[in-house]
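Written below as C-alpha cells is the structure these notes are about.
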Amino acid sequence: MLGSPNLVGHQPAKLVGFIPLRVQIPPPARVGMKIVKLKDILDKRKISELSPTILIAKKLGLKYLVEEDGLITGPAIGLSILIDKLTKISPIRTMLDLCSGSGALCKIAKKNGVQKIVCVDKNVKAIKRNIGRVRGVEIVKADVLNYKIKEFFDLIVLDAPREVLAKLVNKFEYFVSNSNIFVTWHGSLGEFEWNEKIREKLRKVSKVLYSFSIYGEEISACSSTKNGMKWLKKLYKWW
Ligand SMILES: C[S@@+](CC[C@H](N)C(=O)[O-])C[C@H]1O[C@@H](n2cnc3c(N)ncnc32)[C@H](O)[C@@H]1O
C-alpha cells in the first residue's frame, strides 16, 4: 500500500513513505519560464535518473519538462498515482487538467480511457511537444487565475505552484460546482497548518472530502455530486 486516505476531520493522515516534496532540480540562476529536454536535465544537472519525476516522465514518454524561475517542475509521484488509480477504477469520461505542465496527468488519464481532456497552463510548449495533437485533448494557454470553465467535468485536477494555489482558494467552490470530483495537490506532509487550511476550505464547499498522504505529498479530493461521492468511496475502498 502506498499511502492512506482518510476522511479528514476524523483522523490524521498516515505517513507510509517519504520522499522530498516535488522535484526541485538545482537551477542555473535564470529567471522566466521555458521548457527543457529531459535528456538535457539528465546530462547537465545533478539529478539521478531514478528520481520519481524522471521515472514517471520516461514511463509516459515525455520528452520535455517546464522550467520556471530556474526550477524544473514535472509530475509529482503522489498525484500521478492518485489520478492513475481514480481514472482506472471510475467511469470518468472528462477531465480538466489545471496547471497541466508537462501533460503527465493528461497522458495517464488518456491511457485509462478518459475521452475528453482539457489542459490549461500559462506555458503550453512542453505539453504541446509531449502530447501534440491528439483526439480528445484540447490544450489551452491561459492563466488559471482567471480561466473560465466552459462545461461540467467528471474530474477537475489542480496542480498549481504554492503561490498560485494560495490565490485560488476562493475558487475552490467554483471548481467543486463544475465537477463530479475536484482534486488538488496542496503541500508536503509537515505543513500542518497550511494543509489544514486548504482542507477546511474544501470541507466548506463540498459534501465529502478525502485527504491522501502519498509519499509525503498532501492531496485532497472532494465532491458534492452523487456520482463523485460514489467514485471517491470506491477509490477509498480500493486504497
Ligand atoms: C507543479 S507544475 C504542474 C506539473 C504537472 N502536473 C505535470 O505533470 O507536469 C505547475 C504548473 O503550473 C503552471 N502555472 C504556474 N502559474 C500558472 C498560472 N497562473 N496559470 C496557469 N498555469 C500556471 C506552470 O507553468 C507549471 O507548468
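Inter-part distance, the stretch 131-198 to the stretch 201-239, computed on C-alpha centroids, equals 14 Å.
Dividing the summed helix terms, -39500 (n - 2.57) for each DSSP H run of n ≥ 4, by the number of residues in the chain produces a 222 nm estimate of -10000 deg cm²/dmol to the nearest 500. For Ala142, the amide hydrogen comes within under 5 Å of the amide hydrogens of Asp121, Lys122, counting only partners 5 or more places away or on other chains and with H modelled in the peptide plane. Of the GluC sites (Glu not before Pro) found in the stretch 165-239, those that fall in a DSSP loop while having at most 16 other beta-carbon atoms within 10 Å are Glu191.
Once backbone amide H atoms are built at 1.01 Å from N, Val137 has Ile117 as its partners under 5 Å, excluding neighbours fewer than 5 places away on the same chain. The Cα-based radius of gyration and maximum Cα-Cα distance (Dmax) for the chain are 16.7, 49 Å. For the stretch 165-173, the Karplus equation 6.51 cos²θ - 1.76 cosθ + 1.60, evaluated at θ = phi - 60°, returns couplings of 4, 4, 7, 9, 3, 6, 9, 4, 4 Hz by residue, with Gly and Pro reported as x. Could you list the residues of the stretch 168-187 with an amide nitrogen less than 16 Å from a label point located 7 Å from the Cα of Asn227 in the Cα-to-C-beta direction? Only 176-183 fall inside the zone, counting backbone N under 16 Å. Can you tell me what share of the DSSP beta bridges in the chain is antiparallel? A percent to the nearest 5 is fine. Antiparallel bridges make up about 60 percent of those DSSP assigns within the chain.
Comparing Leu82, Leu202, Leu50 in a Gaussian network model of the chain (Cα springs below 10 Å), the most mobile by mean-square fluctuation is Leu50.
Across the chain, Cα pairs under 8 Å and at least six residues apart give a relative contact order of 22 percent.
Residues whose amide H falls under 5 Å from that of Ile35, counting only those 5 or more places apart or on a different chain, are Glu67, with hydrogens built in the peptide plane. The string of couplings for the stretch 52-57 from the Karplus curve (6.51, -1.76, 1.60, θ = phi - 60°) is x, 4, 5, 4, 5, 4 Hz, one whole number per residue in order, with x for Gly and Pro.
Pairwise Cα separations in the stretch 33-73 fall into 10 Å bins from 0 onward with the following percentages, short to long: 29, 63, 7. For the stretch 132-164, the set of chymotrypsin sites (Phe, Trp or Tyr not before Pro) satisfying both a DSSP loop assignment and a count of at most 14 other C-beta atoms within 10 Å is given as Phe152.
Can you pull out the trypsin sites (Lys or Arg not before Pro) in the stretch 123-158 that DSSP calls coil and that have at most 13 other Cβ atoms within 10 Å?
Arg133, Arg135, Lys148, Lys150
3J(HN,Hα) couplings calculated from phi for the stretch 92-108 with the Karplus curve 6.51 cos²θ - 1.76 cosθ + 1.60 (θ = phi - 60°) are, in sequence order, 6, 10, 9, 9, 10, 9, 8, 6, 6, x, 6, x, 4, 5, 4, 4, 5 Hz; Gly and Pro show x.
The numbers here are math on the coordinates, done by the rules we state, and not lab data. Being a predicted model, the structure only gives us computed values, none of them experimental. Here the Cβ is made from the backbone with ideal geometry for all residues, glycine too, and neighbour counts use every protein chain on show.
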